Amino acid sequence: MLRDEEERHSILESELWDMPQTVLMLSYVHLPAHLRRCFAYCSIFHQNHEFEVEEPVLLWMAEGFIQPTGARRLEDLGADYFHDLYSISFFQQYKNTLNKTIYKMYDLIHDYPCADLRLYRH
């Protein structure tokens, strides 16, 4: 038991927790499956790709990642998925013009989903 406590203390005191990438990776790993799948698919975008909400949502719909729930439209469900990912800082608002908001993926987390993407290809 003492060794377990020492290991736990060592892990908790590790500089690893000071690294933003570690925190982001933990956030990614613990996403619900439906959000992880959608976010993983976004790794097809170039690292500096700018997009509106509708672009990934339409791609997710085409891939069958968004499942119907009651009478809600797939577009609305997809927008909810997007905003869930945005709310945990997986996307950043890049520009806000008169009629549209443009987003990008944060550079630090762009490459995380690449490995998972293989799991969701048909």
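The values are calculated or read from the model by the stated rules, or taken from the named source; none is laboratory data. Given the structure is predicted, the values throughout are model-derived calculations rather than measurements. Counting neighbours? That spans all protein chains shown, and the Cβs are built from the backbone with ideal geometry, glycine included.
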Next on the checklist: If I go through segment 85-100 residue by residue, how many of them are outside any strand (DSSP E or B) and within 13 Å of the chain's Cα centre (by Cα)?
Outcome noted: 6
Checklist entry - Could you count how many residues in segment 56-87 are charged (D, E, K, R) and within 21 Å of TYR28 (Cα to Cα)? => result 3
Checklist entry - For segment 49-66, which residues satisfy the criterion of being touching a helix residue (DSSP H, G or I) at 6+ places or on another chain (Cβ under 8 Å) and assigned to a loop (DSSP other than H, G, I, E, B)? => result VAL53, PHE65, ILE66
Checklist entry - Which one is modelled with the highest pLDDT among residues in segment 76-119 that are among the small types (Gly, Ala, Ser) and surrounded by fewer than 20 Cβ atoms within 10 Å (Cβ to Cβ)? => result ALA79
Checklist entry - Which residues, taken from segment 64-102, are in contact with a strand residue (DSSP E or B) (Cβ under 7 Å, 6 or more places away or on another chain) and of a type in the set (S, T, N, Q)? => result GLN92, GLN93, THR101
Item to check | The one condition in (1) among the aliphatic types (A, V, I, L, M); (2) modelled with pLDDT of 85 or more; (3) in contact with a helix residue (DSSP H, G or I) (Cβ under 6 Å, 6 or more places away or on another chain) that LEU16 fails to fulfil | outcome: (2)
Checklist entry - So, in segment 41-84, of the ones that are more than 24 Å from ASP107 (Cβ to Cβ) and β-branched (Val, Ile, Thr), which residue ends up nearest to the chain's Cα centre (by Cα)? => result ILE66
Checklist entry - How many residues are part of a helix (DSSP H, G or I) and polar (S, T, N, Q) when one looks only at segment 36-48? => result 1
Checklist entry - Under the condition of being out of contact with any Lys or Arg (no Cβ under 9 Å at 6 or more places or on another chain) and closer than 20 Å to SER89 by Cβ, which residue from segment 54-68 is surrounded by the most Cβ atoms within 10 Å (Cβ to Cβ)? => result PRO56
Checklist outcome for this item: Log entry, pairs with first residue in segment 43-69 being in contact (Cβ under 8 Å) with a residue 24 or more places away in the chain and farther than 15 Å from LYS100 by Cβ, second being assigned to a helix (DSSP H, G or I) and basic (Lys, Arg), beta carbons closer than 7 Å, six or more apart or on different chains, reads PHE65/ARG37
